[in-house]
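> Can you keep this structure in mind? I'll have questions shortly.
Every number here is computed from the coordinates shown, using simple stated rules; none is lab data. This structure is a prediction, so every number in the text was calculated from the model and none was measured. Here the Cβ positions follow ideal geometry from the backbone for every residue, glycine too, while neighbour counts run over all protein chains shown.
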Amino acid sequence: MISIRDEIGTPLTDSAVKIMLLGSGELGKEITIEAQRLGVEVIAVDRYPNAPAMQVAHKSYVGNMKDKDFLWSIVEREKPDAIVPEIEAINLDALFEFEKEGYFVVPNAKATWIAMHRERTRETLAKKAKVPTSRYMYATTLDELYDACEKIGYPCHTKAIMSSSGKGSYFVRGPEDIPKAWEEAKKKARGSADKIIVEEHIDFDVEITELAVRHFDENGKIVTTFPKPVGHYQIKGDYHSSWQPAEISEKAEREVYRIAKKITDVLGGLGIFGVEMFVKGDKVWANEVSPRPHDTGMVTMASHPTGFSEFGLHVRAILGLPIPAVEENGIRKFPILTPAATHVILANQEGFGPRFRNVFRALNIPNTTVRFFGKPEAYKGRRLGVALAWDSDVQVAKKKAEQVAHMIELKTRSGEWQSQEFIKEKHLL
């Protein structure tokens with residue numbers, strides 16, 4: 001593992017400090033930019049060429065991310081100082097082998113292995129970290145799924161044991177939905193589809209992400225610093241809008257920090273963790289954890305000072321560099337610069353080379369900007385960008401971010417200009 005760092009070399013020379021990204025999406029792109037600002041060489045790896053992070057990295061490689069030999073061939077060639085998994089669809093066995101050979105996997109291979117599998121995640125939260133979660137059961141057959149849903153109670157949620165971004169999940173309102181839930185979990189799982197988790201429905205006030213960051217303090221001790229909780233809502237199981245700070249009580253906020261600390265202490269390692277939770281009044285339930293920057297945390301590109309977004313915090317932690325904090329009642333907090341919000345820009349058609357228009361009109365709204373990710377291919381529902389807005393009032397920031405995102409029109413090479421079609425299920429604006 002990397003220790004406190006007081007020296008950084010020069011990229012593309014024999015003195016370079018190297019970070020290798022396994023996965024090169026929009027989150028990896030921002031990690032790359034922050035790392036390069038600190039003079040770090042970045043190698044981006046993914047299954048398709050010209051992925052977002054590849055467009056800004058020093059070097060890139062394309063191949064099958066589940067092929068252990070492919071991953072080893074790059075690691076042996078580049079000899080990175082840190083290997084940073086950025087997606088779920090990678091060979092997990094390779095991560096353990098890298099660690100065994102002395103490579104630093106961020107935050108560590110075990111945490112990545114746990115977080116990429118819902119059963120391992122839930123058992124870690126409930127039984128090792130011993131934090132509150134919704135009630136849950138597992139099913140391996142259709143009959144077991146009927147039984148589990150009856151015992152958990154309706155409505156409930158079914159999820160593929162390995163998936164991401166809401167794929168393989170279903171909101172089960174009653175027994176009539178179970179065949180469809182079974183089909184969704186089996187067809188849209190990423191990886192193993194042999195088991196389904198059934199979770200109790202929590203009628204929460206808001207879903208939040210706590211971006212807990214584990215890093216070295218000035219004495220070489222690993223400590224945890226907590227940015228303000230990020231509120232967010234989802235549509236069809238995928239993040240649609242986020243804002244910081246989340247509107248929760250002081251008591252709930254303290255509970256959020258307590259739960260995040262217990263979970264990340266169990267997982268260990270260095271870097272930022274996106275700990276997802278449900279909040280209702282003063283009560284908090286842990287839901288999932290991501291051992292890397294979180295999509296909802298893109299709001300920190302507007303809410304945090306330059307260089308200290310969730311991506312900047314992640315890079316600093318990886319490199320063993322300091323993270324300033326304000327200590328209150330024994331809790332290390334990272335203050336925000338301004339309330340801010342995000343809203344996704346989604347594709348509404350399929351095709352290559354997506355283009356965007358109405359950008360001038362959209363960005364005429366004060367205190368707003370956009371991030372277009374540069375993904376070469378669009379398909380319906382794919383996240384191609386995000387609108388950012390900031391204001392002294394977080395509610396105003398939320399409305400501005402949505403307004404900007406909805407102004408943007410897009411077309412692919414063979415398509416027509418279209419505005420986005422949004423499904424508004426549980427809209428919190």
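> With a cap of 10 neighbouring Cβ atoms within 10 Å, and only residues DSSP puts in a loop, list the GluC sites (Glu not before Pro) found in segment 262-366.
On the way: sites: GLU276, GLU288, GLU310, GLU327, GLU328, GLU350; in loops: GLU350.
Qualifying residues, ordered by number: none.
> Still on this model: Which aspartates and glutamates have a Cα lying under 14 Å from the Cα of LYS186, excluding residues fewer than 8 positions away in the same chain?
Hits, sequence-local ones excluded: ASP194.
> Now for a separate question. For the chain, modelled as a GNM with alpha-carbon contacts under 10 angstrom, which of ALA387, ALA347, ALA260 fluctuates the most?
Looking only at ALA387, ALA347, ALA260, the largest GNM fluctuation is found for ALA347.
> Could you derive backbone 3J(HN,Hα) for segment 289-294 from the dihedral phi with the Karplus parameters 6.51, -1.76 and 1.60 (θ = phi - 60°), listing whole Hz in sequence and x where the residue is Gly or Pro?
Taking θ as phi minus 60°, the curve returns 9, 10, x, 5, x, 10 Hz for segment 289-294.
> Now, a different point. Leaving out same-chain residues fewer than 8 places away, which lysines sit with a Cα under 24 Å from that of LYS262?
Excluding near neighbours in sequence, the set is LYS110, LYS127, LYS128, LYS130, LYS221, LYS228, LYS251, LYS280, LYS283, LYS333.
> Between GLY174, ILE161, PRO132, whose Cα lies farthest towards the positive end of the dipole of segment 104-194 when Lys and Arg beta carbons carry +1 and Asp and Glu beta carbons carry -1, centred on the Cα centre?
Projecting each Cα onto the dipole axis, the largest value belongs to PRO132.
> Something else: Taking the Cα centre as origin and putting +1 on Lys and Arg beta-carbons and -1 on Asp and Glu beta-carbons, what dipole magnitude results for the chain, to the nearest 20 debye? Don't jump to the answer; show the numbers that get you there.
On the way: 59 positive and 60 negative charges, 90 e Å.
Using only the charged Cβ atoms, the result is roughly 440 debye.
> Shifting gears a bit: With θ set to phi - 60° and the Karplus curve 6.51 cos²θ - 1.76 cosθ + 1.60, what are the ³J(HN,Hα) couplings of segment 22-37 in order, to the nearest whole Hz, using x for Gly and Pro?
My calculation for segment 22-37 gives 9, x, 9, x, 5, 6, x, 4, 6, 4, 4, 4, 5, 5, 5, 4 Hz in order.
> A further question follows. Please work out the C-alpha center-to-center distance from segment 175-229 to segment 70-124 and express it in whole Å.
19
> Which whole-Hz couplings ³J(HN,Hα) result when phi for each residue of segment 97-107 is put into the Karplus expression 6.51 cos²θ - 1.76 cosθ + 1.60, θ = phi - 60°, listed in order with x for Gly and Pro?
Karplus-based 3J(HN,Hα) across segment 97-107 equals 5, 4, 4, 4, 8, x, 7, 8, 9, 9, x Hz.
> Given all pairs of different Cα atoms, what value in angstroms does the Kirkwood hydrodynamic radius of the chain take?
Values: mean 1/r = 0.0453 Å⁻¹.
It is 22.1 Å.
> Right, here's the next one. Could you name the lysines in cross-link range of LYS18, using Cα to Cα under 21 Å and dropping any fewer than eight places away on the same chain?
LYS29, LYS59, LYS68, LYS79, LYS100
> Whose amide H sits under 5 Å from the amide H of TYR233, counting only residues 5 or more places off or on another chain, with H placed in the peptide plane?
Close amide H contacts, sequence-distant or interchain: HIS240, SER241.
> Among 409-415, 367-373, 10-16, how do they line up from the highest to the lowest mean number of other beta-carbon atoms within 10 Å?
Output ranking for 409-415, 367-373, 10-16: 367-373, 409-415, 10-16.
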